[in-house]
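Everything below concerns the one structure shown next.
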């Protein structure tokens, strides 16, 4: 019997796969536990439509991420921290503070977990900070760290 998988099942298939399994296994395990549905013409059409919709949404999200990356490339934010006379900060600038500055200064909502810093920002100056926006799309933002005085 051909079955369209609704869930990932180890050694059987992933969600959306069409697999050939024995009738007894399908009737007694896969179908009652709602792990899959029989591959009828209607269910195959529904699967095809669902995949097309998902691909369209993915393409729209990627386009929006590219647009946001371009916008971030041309922008900068200023973060103020307390620092000593030699320009060394008392602590480091956390990703949360950068995300807050982006929201307040640029009006863009950025998740602090998506901000990727190579090293902690512990001195005054300007830095390029990478922000992961989508699966393989990142934007680079210029961050100026200034004294709070």
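FYI, it's all coordinate maths here, none of it is from the lab. None of these values were measured; they are calculated from a predicted model. Reconstructed Cβ throughout: ideal geometry from the backbone, glycine too, with neighbour counts over all protein chains shown.
Fewest neighbouring Cβ atoms within 10 Å first, the residues 131, 108, 115 line up as 108, 115, 131. Ordered by the number of other Cβ atoms lying within 10 Å of each residue's own Cβ, fewest first, 44, 12 fall into the sequence 44, 12. On the basis of the beta-carbon distance and an R0 of 30 Å, residue 48 and residue 112 show a calculated FRET efficiency of 0.20.
Assuming R0 = 22 Å, can you tell me the calculated FRET efficiency for the pair residue 104 and residue 66, based on Cβ-Cβ distance, to the nearest 0.05? Numbers along the way, then the final one.
Numbers: r = 24 Å, r/R0 = 1.10.
Efficiency computed from Cβ-Cβ geometry: 0.35.
What is the extension gain from residue 82 to residue 128, computed as 0.36 nm multiplied by their sequence separation minus the C-alpha to C-alpha distance, in nm to one decimal? Walk me through the numbers before you get to the answer.
On the way: separation 46, 0.36 × 46 = 16.56 nm, distance 2.03 nm.
Here the answer is 14.5 nm.
Which three semi-axes in whole Å describe the equivalent ellipsoid of the stretch 1-114, each the square root of 5 times a Cα gyration tensor eigenvalue, listed largest first?
Numbers: eigenvalues 536, 70, 16 Å².
Each semi-axis is √(5λ); the values are 52, 19, 9 Å.
Result for the chain in a Gaussian network model with C-alpha springs under 10 Å: among 125, 91, 42, the largest mean-square fluctuation is at 42. Helical runs assigned H by DSSP (4 residues or longer) give the chain a calculated mean residue ellipticity at 222 nm of -10500 deg cm²/dmol, each run adding -39500 (n - 2.57) before division by the residue total.
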